[in-house]
Every structure is written in structure tokens, then in C-alpha cells.
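Each remark here refers to the structure printed beneath this line.
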Amino acid sequence: MNLLEEIFKKQYELNKRILKERHGQDYDRLCDQNENDPETAQQRIEWILNYNRAQIHESIELEDSLPWKWWKDMDEIDWENVRIELIDELHFWVSKCQLVGLNPESLADLYLKKNKLNQVRQDKGYGSTYSKYDENGVEDNKRMDELL
């Protein structure tokens, strides 16, 4: 098992426990992409938003660990705390991936495609001579397979 698979497995176990013990919900059902009844879909959306908000707040905690306030001196940076805040963000990021059906393999595949598309965008002058939209208004993200 590679490290990314281990991270996903551990996060799955933690989320399954928390949702069952604290919220009486079934994380297996929420992550099952074949479960698309309205109640499950609504709960999945709620948890994606919960995890997203939590990740944003962890990001704010990360910012507060760094000297971004130009009006205030920061004598020392706690780099260990910076690392911990990044790991906290990772917990919630992986949770969102699981809820939308991304596992380590599909995540890596999609990442590699998107990275290649971003390279193509840069090669073609993204923002100046290259538009991510085609003549029909369809974004290149939706056409990745045909473009790559």
C-alpha cells in the first residue's frame, strides 16, 4: 500500500467513526457514488460543505501562524504548527475527495490530466492568447480527453 492509499484509508476510518458516533450517519453510504437518492445526495452535499468550511478555517489558522499582518511584528514562527495546520487541511481535503468518489488512483489520474492541461494552457499563452473556452463556450476542463 502506498502512502496516499494509507492516508485515504486512515481518513476513511476516522470519518466513518465520527459520522456514526457523533451524527448517526453512515459514511459508507455517503461515499458510495451509486447512492443517489435525494436524502443521501443532500447529506453528501452538507458534508462536502462542512469539510470545505473546516478546511478553510484550518487555512486561516495556518495564516495566523505566519507573519502576514504587516502592522504587527511576529518574533518567531512555529514551523511545527504550520506543518500541523497543513495536515489538518489535508484531513478535510481527503474527506471531500472521498465524498465525490475520488480514490488515490482516480485522484492521481485526474491530477496528471489536469496538470498536463495546465501546461498546455501555459504553452499557449493562458490569459492572453489562449482562452479555456471553445467557440461553443465549453471550458477545456470538460474537453480534457479530446485536447490531451
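The values are calculated or read from the model by the stated rules, or taken from the named source; none is laboratory data. None of the values given here were measured: they were computed from a predicted structure. Quick reminder, even Gly has a Cβ in these numbers, built from the backbone with ideal geometry, and neighbours come from all protein chains shown.
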Leu102 under 30 Å from Glu35 (Cβ atoms), under 18 Å from the mean Cα position of the chain (by Cα) and part of a loop (DSSP other than H, G, I, E, B): yes
Could you check segment 109-148 and list, in sequence order, the residues that are basic (Lys, Arg), closer than 28 Å to Leu4 by Cα and either in the same structural domain as Leu4 (by TED's automatic domain parsing) or more than 19 Å from the chain's Cα centre (by Cα) (or both)? Arg121, Arg143
Here the residues within segment 35-86 that are within 17 Å of the chain's Cα centre (by Cα) and either at pLDDT below 95 or not aliphatic (A, V, I, L, M) (or both) are Arg44, Glu46, Trp47, Asn50, Tyr51, Asn52, Arg53, Gln55, His57, Glu58, Ser59, Glu85
Please give the number of the condition Glu6 fails out of (1) in a helix (DSSP H, G or I); (2) surrounded by 12 or more Cβ atoms within 10 Å (Cβ to Cβ). (2)
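Being in contact (Cβ under 8 Å) with a residue 12 or more places away in the chain and surrounded by fewer than 12 Cβ atoms within 10 Å (Cβ to Cβ) is the filter here, so list the residues in segment 29-57 that pass it. Full working, then the answer.
Narrowing segment 29-57 to residues in contact (Cβ under 8 Å) with a residue 12 or more places away in the chain: 30-31, 33, 43-44, 47-48, 51-52, 54-55.
Correct list: Gln33 only.
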Expected single match for closer than 27 Å to Glu46 by Cβ, in contact (Cβ under 8 Å) with a residue 40 or more places away in the chain, of a type outside the set (Lys, Arg) and loosely packed, with under 15 Cβ neighbours inside 10 Å among Leu110, Leu99, Leu90 is Leu90
Single match in Ser65, Ser131 (criterion: of a type in the set (Ser, Thr, Tyr) and within 29 Å of Arg17 (Cβ to Cβ)): Ser65
Leading residue by the ranking (surrounded by the most Cβ atoms within 10 Å (Cβ to Cβ)) among those in segment 12-28 that are among the charged types (D, E, K, R) and assigned to a helix (DSSP H, G or I): Lys16
With the condition kept exactly as written, say whether any residue in segment 58-67 is surrounded by 11 or more Cβ atoms within 10 Å (Cβ to Cβ), within 19 Å of Gln98 (Cβ to Cβ) and of a type in the set (A, V, I, L, M). no
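Looking at segment 41-64, can you tell me whether even one residue there is closer than 25 Å to Glu105 by Cβ and charged (D, E, K, R)?
Yes, the conditions are met somewhere in segment 41-64.
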